Amino acid sequence: MNEAQHCPLCQNEMIWQRKTIRYEREGLPITLEGVWVRVCPACGHELVPGPLAIQLMNLADQLFRSAKQLGEETNLPMPSVHLVFPETDEVPLALLQSV
C-alpha cells in the first residue's frame with residue numbers, strides 16, 4: 001500500500017526522507033534523529049504519518065515525565081535527550097502500510 005501522497009500545500013508528490021524532529025517541554029529538549037517522514041521536494045512541507053506521530057509523541061511524553069521525576073527526586077538539572085534511530089536504506093514496511 002505504497003500509494004503516492006500529495007502535498008496538502010502545493011499538490012506535488014511527496015517523498016520519504018529521514019529527518020530530525022525536536023520537542024521541548026518545561027525546559028527539556030528532546031531530539032529524535034533519523035525519523036522517516038514524508039517531505040515535499042517542491043515546498044519542503046513535512047508530514048509524519050499519523051500512527052508514527054502518535055508513537056513519537058508517546059515516547060517524548062515518557063521521556064519528559066522520567067526527566068521531571070528524576071529532577072524532583074535528585075535535584076539534578078534538566079538533561080538534554082538525543083535519540084538516534086539506526087540508519088536504514090529503505091522506509092520500514094510498517095510505515096508504508098500506515099499511509
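Say we look at region 1-18 and pick out the residues that are touching a residue at least 60 places away in the same chain (Cβ under 8 Å) and assigned to a loop (DSSP other than H, G, I, E, B); which of these is nearest to the chain's Cα centre (by Cα)?
GLN5
Look through ILE30, ILE21 and report the one residue that is touching a His at 6+ places or on another chain (Cβ under 9 Å), part of a strand (DSSP E or B) and under 20 Å from VAL81 (Cβ atoms). Working first, answer last.
Values: ILE21 fails: touching a His at 6+ places or on another chain (Cβ under 9 Å).
Among ILE30, ILE21, only ILE30 is touching a His at 6+ places or on another chain (Cβ under 9 Å), part of a strand (DSSP E or B) and under 20 Å from VAL81 (Cβ atoms).
If the Cβ limit is 8 Å and pairs must be 6+ apart or interchain, which residue in region 30-44 that is under 15 Å from ARG18 (Cβ atoms) pairs with which residue that is surrounded by 13 or more Cβ atoms within 10 Å (Cβ to Cβ) and among the acidic types (Asp, Glu)?
VAL37/GLU46; ARG38/GLU46; VAL39/GLU46
Does any residue of region 68-87 turn out to be in a strand (DSSP E or B), surrounded by 15 or more Cβ atoms within 10 Å (Cβ to Cβ), among the β-branched types (Val, Ile, Thr) and without any contact (Cβ under 8 Å) to a residue 24 or more places away in the chain?
no
In the list LEU52, LEU32, LEU47, which residue meets the criterion of being surrounded by 12 or more Cβ atoms within 10 Å (Cβ to Cβ) and closer than 20 Å to MET78 by Cα?
Working: LEU52 fails: closer than 20 Å to MET78 by Cα; LEU47 fails: closer than 20 Å to MET78 by Cα.
Going through LEU52, LEU32, LEU47 in turn, just one is surrounded by 12 or more Cβ atoms within 10 Å (Cβ to Cβ) and closer than 20 Å to MET78 by Cα: LEU32.
Only the coordinates and a few stated rules stand behind these numbers; no lab work does. All figures in this text were calculated on a predicted structure; none of them were measured in a lab. Cβ coordinates were reconstructed from backbone atoms using ideal geometry, including for glycine residues, and neighbour counts include every protein chain displayed.
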